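Every number in this text was worked out from the coordinates using simple rules, so none of it is lab data. Nothing here was measured: the structure is a model prediction, and the numbers come from that model. Counting neighbours? That spans all protein chains shown, and the Cβs are built from the backbone with ideal geometry, glycine included.
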Amino acid sequence: MGLNLDDKKAVVAEVTAKLAEAQTVVMAEYSGVQVTDLTLLRAKARESGVYLRVLKNTLVRRAVVGTPFEPLAEAMTGPLIYSISSDPVAAAKILNDFAKGNDKLVLKMGAYDGKVLDKAGVQALASIPSREELLAKLLGVMQAPVSGFAGALAALAKQREEAAA
């Protein structure tokens, strides 16, 4: 059963709200992907804070009007799943990682920072480490001198104990 007018307005409003806070939108064709696989993909997207949904293209075209993602409207044809995130990398990473293991999901295009990305551009964006990964690396770099200093103090203390004995 199709959506009535109120339901369509609600979907457009929901997508418009997500787009207002989004930095990245990625579209992929999902024809032939098993329902169980899509369920797993949705779960991963939820964990990463990514809005992932199969939507009617006409409704998304209405939602992108007046946003930086408006140039994507021309490519909104066929069975598409939309990945929208405020994290610049998460939307691309979720779909790209899933597409590597499932050849039925085909990355189509996306948009980031006002620029339209083709499939290669989406894959390049997905290869950038996420904010969390970068923060973890930074923390590791910051902890290295402290742990090295603590190790040096422990070695010096042991050396003095041996000298005193």
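For the stretch 91-162, the fraction of C-alpha pairs farther apart than 13 angstrom is 74 percent. Between the beta carbons of residue 73 and residue 40, assuming R0 = 30 Å, the FRET efficiency works out to 0.55 to the nearest 0.05. What FRET efficiency, computed as 1/(1 + (r/R0)^6) with R0 = 45 Å and r the Cβ-Cβ distance, is obtained for residue 4 and residue 118, rounded to the nearest 0.05? Between residue 4 and residue 118 the formula returns 0.80. Considering only 153, 52, 135, the mean-square fluctuation computed in a Gaussian network model of the chain, springs between alpha carbons under 10 angstrom, is largest for 153.
By the Stokes-Einstein formula, at 0.692 mPa s and 37 °C, the chain with its Kirkwood radius over alpha-carbon pairs has D equal to 181 µm²/s.
What the Cα convex hull of the stretch 44-107 gives, in volume per residue, is 89 Å³. Taking a Cβ cut-off of under 12 Å around residue 51, the surrounding Lys, Arg, Asp and Glu residues balance to a net charge of +1, with basic ones at +1 and acidic ones at -1. For the residues 118, 37, 87, a GNM of the chain with alpha-carbon springs under 10 Å puts the largest fluctuation on 37.
Taking 90, 111, 154 in turn, the Gaussian network model of the chain (Cα-Cα springs below 10 Å) assigns the largest fluctuation to 154. Compute the FRET efficiency between residue 139 and residue 20 as 1/(1 + (r/R0)^6), taking r as their Cβ-Cβ distance and R0 = 45 Å, and round to the nearest 0.05. Computed FRET efficiency for residue 139 and residue 20: 0.90. In summary, the lysines within cross-link reach of residue 56, defined as a Cα separation below 30 angstrom excluding same-chain residues under 8 places away, comprise 8, 9, 18, 44, 93, 100, 104, 108, 115, 119. Under the combined filter of DSSP loop state and at most 16 neighbouring Cβ atoms within 10 Å, the stretch 1-73 retains these GluC sites (Glu not before Pro): 21. Think of the stretch 5-128 as having a plus end and a minus end, set by charges on the Cβ of Lys, Arg, Asp and Glu; of 110, 125, 79, 79 sits farthest toward the positive end of this dipole.
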